[in-house]
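Written below as structure tokens is the structure these notes are about.
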Amino acid sequence: MGMKGPIITLNEVKRSNLRAVLALLVRSGELSRVEIAERLGCDNTTVSRAVRELIARGIVGTAGRNGGSPGRPRVALRVDPEGPQLIGIALEPECVTGVLTDLASSVRHSEKVIFRDVSSQEAYLMAAEEIVAKLVSRAGERLAGVGATVFGSYYGKDFTVEKAAALPLLNGVKLRPFFDRAAGREVLICDHTVSRARLLARRYPELNSGTVLLAAAGRGLGLAAAENGRLLFSRNGHGGEFGHMVRIPDGIPCACGRRGCLETVSSTAAMTENYRRRTGRSVSFDVLAEEFRRGSAEAESAVLPALDELGRALSEQLNNWQADKLAVTGDVLKLGPRFEAYLTRKIEAGIFSLVRESLSFHFPDLRDEDSLAVGASISASDAFVADFGA
Ligand SMILES: [Zn+2]
């Protein structure tokens, strides 16, 4: 043993069965042994053996009885909410959120610090460190992994933050050493778009198959590609720089140091800025979105040019990658159903027939309170399952 070779040992088969059963339960909620066997296409004995071990290790439990014929109720199995726990941390410009979840990403506890005015990098990091420490101590022995999601870009082996336009005082922070020290273990780091992609795959099973492009549009713009739930083209948990494609040469200066990036044209900040220039009134995006939903002409003239450019940019991506599904999420969803219809029309006008004939549009709302932090915890949950028994 200890040598790697072409021979697959019985232990490896056993481990891969355990992983397959666990991965299915993590994704699917409650299932009986028979349902697990059907979905995995394997025999009941194999499933029973794997389930017995998962129960003995405190990872899977029974959730009562479901379905089956009246005389023979089936025992529903699920991930034990008291079993392994994951931590997810989301750094945002105006707050830090932390969640403790079970393997199936149900939130068991959450912590949040909202900043009115962050004075220094130290103050921000101290708040983040405190949240990590609280959650680590709450999870205790059951802690099985930690994930964190951050805005801006980062590079190098330490994941050094750069171009954090929304909170420049974070530039230069070395994320890996910071989080690893705070959590006392290795932390999985990703950007906000990748965190949303993980959440999407977990919450929307229909978006977990085929090729999916996920676009997130808010103050920043992000794009992630996935195939059968697996992320493509992401490096170190970073999805890419969709928002920094130059759309207008010599346009408005962008936080990345160039000019005319998509973010300067199609972000929610660009929309409120359009509105201010037209009306002389500075409003929040929430107010602008409400006016847009009510059909105000002023709001329309601020929003539609931004959507035109977003639609063109997305059409070009779709013409390149020919995805089966496009999912658009983020604060732009506040613009409501008229926005969804308008963007869909715009994109349909810009894509080739070959792309259009197999493309479906989705507008999943991933904006609930803890969603970014939960997405980060899913990275940790996925890693726990993938390494299980290794
Ligand atoms: Zn830029």
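The values are calculated or read from the model by the stated rules, or taken from the named source; none is laboratory data. Only a predicted model underlies this, so the values are computations on that prediction, with no experimental measurement involved. Cβ coordinates were reconstructed from backbone atoms using ideal geometry, including for glycine residues, and neighbour counts include every protein chain displayed. The protein model used for the area step is the full one, side chains on, heavy atoms only, and it has no ligands, DNA or RNA in it. Shrake-Rupley method; radii C 1.70, N 1.55, O 1.52, S 1.80 Å.
Brief remarks on what is shown
- Once the Cα atoms are used to define both axes, helix 297-321 deviates from the longest principal axis of the chain by about 50 degrees.
- Global form of segment 122-162, assessed from the alpha-carbon gyration tensor, a/c cut-off 1.5: oblate
- Three-way shape label, segment 281-390, alpha-carbon gyration tensor, a/c 1.5: oblate
- Farthest toward positive dipole pole in segment 213-366 [+1 Lys/Arg, -1 Asp/Glu at C-beta], among 307, 355, 328: 307
- Note on the chain: with a GNM built from Cα contacts shorter than 10 Å, the maximum mean-square fluctuation among 320, 11, 171 falls on 11.
- Nearest 10 degrees, 0 to 90: helix 10-28 Cα axis against the chain principal axis: 50 degrees
- Residue 134 accessible area, 1.4 Å probe, all protein chains in place, Å² to nearest 10: 100 Å²
- Computed over the chain, Cα set: Rg, Dmax in Å: 22.9, 74
- Relative contact order [Cα under 8 Å, 6+ residues apart], the chain, whole percent: 17 percent
- For the chain, size of Cβ-based charge dipole, Lys and Arg +1, Asp and Glu -1, in debye: 740 debye
- Segment 185-299 - percent relative contact order, Cα under 8 Å, separation 6 or more: 17 percent
- Most mobile of 352, 292, 151 in a GNM of the chain (Cα contacts under 10 Å): 352
- Positive-end residue, segment 206-362 charge dipole about Cα centroid, Cβ charges, pick of 268, 342, 213: 268
- Centroid-to-centroid separation of segment 175-238 and segment 75-127 [C-alpha atoms, Å]: 16 Å
- Choice from 258, 202, 247 showing the highest fluctuation, given a GNM over the chain with Cα pairs closer than 10 Å: 258
- Of all DSSP bridge pairs formed entirely within segment 178-327, close to 80 percent run antiparallel.
- The portion of the accessible surface of segment 206-362 made up by carbon and sulfur, rounded to a whole percent, is 48 (1.4 Å probe; DNA, RNA and ligands excluded).
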